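J.: For reference, the structure I am asking about is given below.
The values are calculated or read from the model by the stated rules, or taken from the named source; none is laboratory data. Since the structure is predicted, the reported quantities are computational estimates derived from the model, not experimental observations. Neighbour counts run over all protein chains shown; Cβ positions are idealised from the backbone, glycine included. Protein only, heavy atoms only, side chains kept; ligands, DNA and RNA dropped before computing areas. Shrake-Rupley method; radii C 1.70, N 1.55, O 1.52, S 1.80 Å.
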Amino acid sequence: MAQLTYRNAVAHGIAQEMRRDPNLVMLGEDIAGAGGVFKTTVGLLDEFGPDRVRDTPISEQAILGAAMGAAMTGVPVIAEIMFSDFIAVCFDLLANEIAKSRYMTAGQVSLPIVVRTANGGGSRFGAQHSQSVENWVMMIPGLKVVAPSTPLDVVGLMAASVRDPDPVVFLEHKSLMADKQDVPDGEIVDDLGVARVVREGSDCTIAALALMVPRALEAANRLEDQGISAEVIDVRSLVPLDTQTILGSVTKTSRLFTVEENPRLCGWGAEIASIVTDEVFWDLDGPVVRITTPHIPLPAAEALEDMAIPSVDLIAETITKRMG
Amino acid sequence: MTSTRARDEGLYDYAHREPRLPAPENRGNDRLDIPIDTRLEMYEAQQLLRQFEKRAYDLFMQNLVKGTSHLSLGQEAIAAGFARAQREGDYTFATYRGHAHTLARGADPGAVLAELLGRENGILKGKGGSMHLTSVEHGMMGSYAIIGAHLTIANGAAWSAQMRGSGQVAVCFFGDGTTNIGAFHEALNMAAIWALPVVFVCENNLWMEYTPIDLITAVPNPAADRAGAYGLERIIVDGNDADAVYETAVRVIDRARRGDGPSLVEAHTYREQGHSRADPAKYRPPAEVEAWKARDPIPMYHERLLRLGVPEGDLSTIQQDVARRVDDATEFAKGGAHPGEEHLMSDVWADGGSAWRN
């Protein structure tokens, strides 16, 4: 058992998989010599050498293209896109090439790729380095999408993503990097497509992702004091999506709140709201409510960014009001 | 300037521009040291590509080929020359104008034609279509329809070959228009710094889509004149001469296989038809079209083989054999069923399915 930070868990999970599979390689900007701008890849160059841990130019298309070409010819790859906002620079590779090639070639091409990227706000970086882009990638058929909220999940879901034969976008939250957790020794492998009930409750269900999970938990503790028993689900994996865990919880509690860091329109919670109203509508006692960042670019100033991203206060207040 | 005034002044009147004629550089000739059997194979390959593309056009006119298709008529020598210089196991990456490259690597013409017809016996079961032809078993790693991306993907295949020490070389074909998109430059830089075993081949057919490439590019030779920026040799070859293409291909592929890094080749050629099926290509100067038709790669090569002593009858036999193969391919394609619903929802994931939730 060792205590790991979220950022250390990234390197821990990658190292576990690179030891297991000598063919696995990784590439990205500043990942080798510098150990990553978020220090998530520290130590990997020393252990695995420059042939397997490669620094690249600032060329996001070339990074994802290299990952795709290597993967389709038998070399599994972990590619880092430094900030998830930069996915916009290489969206063609992700959305048009990596996501679609297996289908377009009737299964001739296999693409074992993990695209790791630092996602989310809270760092006062402004509108181009703070976005939560999970909905950008979730909407593309052919991509799997995971977003861990704890160090242990980082390790386990990293292993699951690497071992998955399909392309996975792995979203590491910038504001969780310093979080700590005890992580057991030995190999840790999780499963994609499994949500987790992180707090049991009976009055309402809160579905949250990544940074929104600890905030939802804290909000649930406050709600308890007000006599509202909230069940909190860490969605963890957007594609595949564990709808059964969510539907099961909603059937029990009869209310659903989603807590999303992404801007309002087309957030993942909208899809879950649609599924819930479609499939367990008669089990609901009230409307499905989405708590999201407003539909604005994220501002830089501390005061403004904190107003924008759902806070514990906002979550608790919204639920209190809508449950009332 | 308003668009009306621009038109009045003839700025967009490309049909009355000076014709751009074939460059004199690096042309093939009878004396190149290429075995006659190799030349006959390239002749046969060019015949197959030509007759196949003409058949594809006919089937389009009969409304059997749907959507769009981008033909390689006039550009066959490049595909034939490079494919002959590649080894089994080498990789090919092509654009949406990829029928010729797919066939040149040995994919079955019937399965390719069936794909154009959207049939279940198509090489992609009808799921990819004309612009995405792929035959991994032949090293044909895909046809890519978004300009630029596949240069970076070819790098990845070359990187993989380099890591595995397999000796494979990736050859990546693209058009002149591709040289102005960012991915082209990202790919060349990465290939150069990693000394990847990859050969980039610009098929410069002088027309982006409907715009002359020289009007929208900072240098006269869109690929070759930029090679120096990446520390690469400036290579131009007559893309209408299979021997010239082959000789250059052998040289740059050997270089890549030896571990000496990438090359960028600019092959000058001409699209004998429009950009795609919808394009009658009336914007081209008639003198330009005529000059290039006079340099049609197949009659030129035919004449060379006669000069080298190949009997006319041998060439006729090749032509007729190819014609039979194309007829057979047509029958095979037309006989295919339309794909059923089981193909609609398959092959999104490695497990064969498309489930995104439980």
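J.: Taking A:G269 and the conditions (1) open to solvent by less than 20 Å² (accessible area, probe 1.4 Å); (2) in a loop (DSSP other than H, G, I, E, B), which numbered condition does it fall short on, given that it satisfies the others?
T.: It fails just one condition, (2).
J.: Here's another thing I want to ask about it. For segment A:152-168, give me each residue that is touching a Ser or Thr at 6+ places or on another chain (Cβ under 7 Å) and either basic (K, R) or open to solvent by less than 10 Å² (accessible area, probe 1.4 Å) (or both).
T.: Hit for segment A:152-168 is A:V168, nothing else.
J.: Would you be able to tell me the number of residues in segment A:226-261 that are assigned to a helix (DSSP H, G or I), within 12 Å of another protein chain (Cβ to nearest Cβ) and not hydroxyl-bearing (S, T, Y)?
T.: Counting residues in segment A:226-261 that are assigned to a helix (DSSP H, G or I), within 12 Å of another protein chain (Cβ to nearest Cβ) and not hydroxyl-bearing (S, T, Y) gives 4.
J.: Among the residues of segment A:69-107, write down those that are of a type in the set (S, T, Y) and within 13 Å of chain B (Cβ to nearest Cβ).
T.: A:T73, A:S101, A:Y103, A:T105
J.: Among (1) within 7 Å of another protein chain (Cβ to nearest Cβ); (2) in a loop (DSSP other than H, G, I, E, B), where does A:G121 come up short?
T.: (1)
J.: May I ask you to verify whether A:R20 is out of contact with any strand residue (DSSP E or B) (no Cβ under 9 Å at 6 or more places or on another chain), assigned by TED's automatic domain parsing to the domain that holds A:L111 and among the basic types (K, R)?
T.: On the way: out of contact with any strand residue (DSSP E or B) (no Cβ under 9 Å at 6 or more places or on another chain): yes; assigned by TED's automatic domain parsing to the domain that holds A:L111: yes; among the basic types (K, R): yes.
Yes: the conditions hold for A:R20.
J.: Same structure again: Against the conditions (1) in contact with a Gly (Cβ under 7 Å, 6 or more places away or on another chain); (2) open to solvent by less than 10 Å² (accessible area, probe 1.4 Å), where does B:A94 fall short? Just the number, please.
T.: (1)
J.: Another question, then. If B:A161 satisfies all but one of (1) at the interface with chain A (Cβ under 8 Å from one of its Cβ atoms); (2) crowded, with 24+ Cβ neighbours inside 10 Å; (3) in contact with a helix residue (DSSP H, G or I) (Cβ under 7 Å, 6 or more places away or on another chain), what's the number of the condition it fails?
T.: (3)
J.: Counting residues that are open to solvent by 60 Å² or more (accessible area, probe 1.4 Å) and more than 14 Å from every other protein chain (Cβ to nearest Cβ), which helices (runs of 4 or more DSSP H) fully inside segment B:285-349 reach at least 3?
T.: Per the criteria, B:286-293, B:297-307, B:312-334.
J.: Further question: Considering only residues that are buried (at least 17 other Cβ atoms within 10 Å of the Cβ), of a type in the set (A, V, I, L, M) and not in a loop (DSSP other than H, G, I, E, B), look in segment A:181-206 and name the one that is farthest from the chain's Cα centre (by Cα).
T.: The selected residue is A:V183.
J.: What are the pairs with Cβ atoms under 9 angstrom where one residue, in segment B:97-110, is within 12 Å of B:A83 (Cα to Cα) and assigned to a loop (DSSP other than H, G, I, E, B) and the other, located anywhere, is charged (D, E, K, R) and open to solvent by less than 20 Å² (accessible area, probe 1.4 Å)? Sequence gap at least six, or different chains.
T.: Correct list of pairs: B:R105/B:D90.
J.: Something else now. Any residue at all in segment B:49-64 that's of a type outside the set (S, T, N, Q), at pLDDT 95 or above, closer than 16 Å to B:H302 by Cα and not in a loop (DSSP other than H, G, I, E, B)?
T.: yes
J.: Answer with yes or no whether B:M190 is surrounded by 23 or more Cβ atoms within 10 Å (Cβ to Cβ), facing chain A (nearest Cβ under 9 Å) and over 27 Å from B:H343 (Cα atoms). Give the steps one after another, and end with the answer.
T.: On the way: surrounded by 23 or more Cβ atoms within 10 Å (Cβ to Cβ): yes; facing chain A (nearest Cβ under 9 Å): yes; over 27 Å from B:H343 (Cα atoms): yes.
In short, yes.
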